[in-house]
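Just below is one structure, and these are the notes that go with it.
Each value in this text was obtained by applying a stated rule to the coordinates, not by laboratory testing. Just so we're clear, the structure is a prediction, and the values are computed from it rather than from any experiment. Here the Cβ positions follow ideal geometry from the backbone for every residue, glycine too, while neighbour counts run over all protein chains shown.
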Amino acid sequence: GNYEGSLRPQVHFSPPVGFMNDPNGMFLDENGTYHLYYQYNPSENVAGNQHWGHATSQDLYTWTNQQIALFPGGPDEGIFSGSIVVDSNNTSGFFPNQTNGVVALYTLNTPDRQVQDLAYSVDGGYTFTKYDNNPIIGSNTNQFRDPKVIWYEPTQLWVMVVAYPVDFEVGFFTSPDLREWTAVSNFTRFGVTGWQYECPNFVEVRVENSTETRWVMLVSINPGAPLGGSTSWYTIGSFNGTHFEPDDSTIQLTDIAKDNYAGQFFYGLGADQDQITLAWASNWQYTNVVPTAGNEIGDGFRSAMTVPRGHFLRDVPRKGLTLLNYPWNIHSIVDTELALNNSFQNGSVVLDYSDVESRAIYFEANITGLASSDILAGTLNFTFTSSVSGEFVRGGFSIAPDNNLWLDRGNTNGFDNPYFSDKFSGTALYNEDGDGEFRISGIVDRSIIELFVNEGEVSGTSVFFPTEPLDIMSLSVKGLNEAASASVGVWALKAAW
Ligand code: FRU
């Protein structure tokens, strides 16, 4: 693959050539290597012909492409989305002499049926053998897919969540050995249904400042998202080994924009630490026609993943428990400091970063002391512009009137499509009862932008397609009272490819 092109993200995973969608089977191996598999069409730049592509990383930013891990058995088959577990106790019997056995559980798609299949790997996830007795869960329908499996310690059983998409239902199954599965409960017609449920995830997540953990159900819906096309939501509750009981009837969307779908949690990270996801940074409404594939500005591929996102639960005033969504360990790929000012006040900075080879930038700003005035105000806005064409993306966060994070990708000219909405906004409530401070951070990487307020209490993910590279950043702070101040940092990111 050519990773040089002007639309090729430099700190995000994208496939060498061809079309990518959902992340699949993510796990951390015993050597500290992260594995990412993904829905992959290696032969065309549009969805279809689904394989599991594979890449590995030590830091989740710097990736090594590996051989394709799972191939369809014929032209009518697709290896659809699914997950991986490490069977360290050899519950499956596939691994008599090892503790690093890897088992993939995925959907086999055929024209009239979707069934759940298994493949195992004795070499740590690089090559797989399909199980002789597939399917492990059969069906008579073509709407039954995307198994995500976890180990549930209290019952010593594997637990699978899997979607019945058009019934708006998540099925729970359990198994002692990954081969024989028993249906134990269903979670049905909850939240925003859209037209289909896809890629359910179920994970135990720590609560900030406590020893407690809670269970998070993440569901992706497509089409029919509130903003059009695909989106994901989550709800929080408890689990007894067979049934998930949501705390209340509320859901929250994972993103304020349109390019964050089918996120998957890494297997087996342990509930005492932050959980990690990667998500597909695209939308089914326009993913097959975005201009990265090979016209004038194209680079021979379609789709990137989000940066790795870290997650924990925070009790946000008024909003309640919220799944935070922050760029995991981003400082590990930070390179040259382009600006750093710890006592910034109202004003602006302009930075020319045309000599930063990656053209990938990370910034963060921390505004404090706002509550010392009766009038709570404070705005941080930024713009990334091309010095050649004048195209730009911009966004910001404003306390007044109602704590909005916003994002505007409408001033780039490389893609025109009726579903490719320009502007997004979302509200963060954290500040309301707080001490008058907010934090905003962002990553801009050639054709993708990700924004985070207060460790990702709200976040926004958007792809955008300029005809010329963006190379000038400006950032401005407005409305601060005298006692308030901003600390602002901007860094170049290390090209990972
Ligand atoms: C979600 C999805 C999954 C399916 C896969 C096929 O984006 O539709 O439900 O398994 O993509 O590539």
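Remarks
- The stretch 301-339-the stretch 153-200 distance, computed between alpha-carbon centres (Å): 27
- Reported to the nearest whole Å, the Cα centre-to-centre distance from the stretch 252-291 to the stretch 74-91 is 20.
- Counting DSSP beta bridges with both ends in the chain, the antiparallel % (nearest 5): 95
- In terms of other Cβ atoms within 10 Å, HIS243, HIS35 run from fewest to most in the order HIS243, HIS35.
- Annotated for the chain: lysine pairs at least 8 residues apart or interchain, Cα distance under 29 Å, count 11.
- Averaging the Cα positions of each part gives two centres, and for the stretch 446-497 and the stretch 40-65 these lie 27 Å apart.
- Residue order, fewest to most surrounding Cβ atoms within 10 angstrom, among TYR267, TYR40: TYR267, TYR40
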